[in-house]
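The structure appears right after this line, and notes come after that.
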Number of protein chains: 2
Amino acid sequence: MATKRSQPAARKPRADAQRNRERILEVAKAAFTEFGANASLDDIAKQADVGPGTLYRHFPTRDALLEAVYRTEVERLAAAERTFAETMPPVEALRAWMLLFVDYIATKKIIAAALNTVVGDPSKVFESCHAQIWEAIRSLVTRAIQSGDIREDLDPIDLLRALIGVANVSTSPDWQQSARRLVDILIAGSRPVK
Amino acid sequence: MATKRSQPAARKPRADAQRNRERILEVAKAAFTEFGANASLDDIAKQADVGPGTLYRHFPTRDALLEAVYRTEVERLAAAERTFAETMPPVEALRAWMLLFVDYIATKKIIAAALNTVVGDPSKVFESCHAQIWEAIRSLVTRAIQSGDIREDLDPIDLLRALIGVANVSTSPDWQQSARRLVDILIAGSRPVK
DNA sequence: CATATTAACGGAGACTGTCTCCGCTTGCAA
DNA sequence: TTGCAAGCGGAGACAGTCTCCGTTAATATG
């Protein structure tokens, strides 16, 4: 007879595997930040003191690695949403989060690059990350609609799309200002028609 | 003595060179549309019945080729601006052009990809194209400001950035609707505060 | 602690795409 | 016609991706 479970009662993962995984992530983050989303994967492996095989076993595709790096950032954004929602009036929370979002993406170009990649081919990567971000802005918008500060027919995703645009073209020196202005325009345009 | 000019009085370009150049462009356009901005250049060369050397002489970098393909589209957008400005009231012209812009970019993913590329590294490519587009929206916004329909402190570039965002995330089936809604939000948010 | 088991490692190398060099071809001017 | 430079194009060096598989060593077990 097999063991109690139909699944082979998976042994706990090896310690060195865990360590390697983390080192790879760390190095990858640095590399993507420095060289953009096209950084050489073999180089990353080398810097993390593992063979290419190891890297590819942990992260079968470039996108997988990208997503893993990307994930912690996304989690931070999601957390911020919760904080803002608790400590600020609806519209302010929305505005604050939008600004943070732009700031994040613009600073860590990785994410922008990742989002762009998604556009290119219809792969399913980043799906879970998208879900988290969508949920964040959806929640913020819903609250603002309920408080009557935002018009009812506003689709949160529309805002998100606009934000990605701002973040994308953040090469000019004054993008911080630009982002702030644009967020204000978006919010102004989202108020009830009255 | 040399010829009349200090410049060696450049001979007119060879006919076959011209033909090849055009065939490459044609094939490239198809390839970029089908496979995205990463289509294999050697493949493009092959399909255009030229050697890779020829392709690279005409277009030394991928970006150069991308830009060349991109250019005619941009010219069409610039032309549309002129038409709209002549035949529509200011705000309508602005809205119409914004919609066209989104439509264009979303359909021909090439351009979006190109714009994205620009984000990644601070190369100077597409500069002239950007200039043309900037000029178009600047002109539209200026006219709308003068007619008093749009608030004075609006920076045209901000709008452009938002538009690129919409276009980027145009994978969902209803992006047409989404784009329309977002353009309306942007315009609503751009009206004078009164 | 000794040992068996097997997860995990890592690097050689096949493969794919980029880009260059340079000998050959050919359109054009005289 | 003919000379010649503009233009061609492919062989091949190089760089990056990804896989296969023999080896290593972390864990479970007695």
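The values are calculated or read from the model by the stated rules, or taken from the named source; none is laboratory data. If you're wondering where the values come from, they're calculated on a predicted model, not measured in any experiment. Glycine gets a Cβ as well: all are built from the backbone with ideal geometry, and neighbour counts include every protein chain shown. With ligands, DNA and RNA removed, areas are computed over all heavy atoms of the protein, side chains included. Shrake-Rupley method; radii C 1.70, N 1.55, O 1.52, S 1.80 Å.
Measuring nothing but label to label, 7 Å from Cα along Cα→Cβ, what are residue B:193's distances to the other copies in nm, shortest first?
In nanometres, ordered from closest: 2.4.
Note down the magnitude of the dipole of the range A:14-60 about its Cα centre, charges +1 on Lys and Arg C-beta and -1 on Asp and Glu C-beta and zero elsewhere, to the nearest 20 debye.
Roughly 220 debye for the range A:14-60.
Which whole number gives the average count of other chain Cβ atoms within 10 Å of the Cβ atoms across peptide B:151-160?
For this peptide, the per-residue mean of nearby foreign Cβ atoms is 4.
Give the average, rounded to an integer, of partner chain Cβ atoms located within 10 angstrom of each Cβ in A:175-185.
Values: counts 2, 0, 2, 4, 2, 1, 5, 10, 3, 2, 14.
Per-residue shielding by partner chains comes out at 4.
What nm distance separates the two modelled labels at residue B:68 and residue B:30, each placed 7 Å from Cα along Cα→Cβ?
That separation, rounded to one decimal, is 1.7 nm.
Along Cα-to-Cβ, 7 Å out, sits the label point; list in nm, shortest first, how far the one on residue B:131 is from those in the other copies.
Its label point is 4.8 nm from the equivalent points in the other copies.
Rounded to the nearest 100 Å², what is the sum over both chains of accessible area buried where B meets A, with a probe of 1.4 Å?
About 2400 Å² of accessible surface is lost on pairing.
Taking residue B:56 in one copy and the same position in all the others, each labelled 7 Å out along Cα→Cβ, what are the pairwise distances from the first, in nm, shortest first?
For residue B:56, the other copies' label points sit at 2.6 nm, shortest first.
Using 0.36 nm per residue of separation minus the Cα-Cα distance, give me the extension gain between residue A:79 and residue A:103 in nm, one decimal.
Roughly 7.1 nm would be gained on extension.
Considering all projection directions equally, how large on average is the shadow of the alpha-carbon convex hull of the range A:14-60, in square nanometres?
For the range A:14-60, the mean projected area of the Cα convex hull comes to 2.9 nm².
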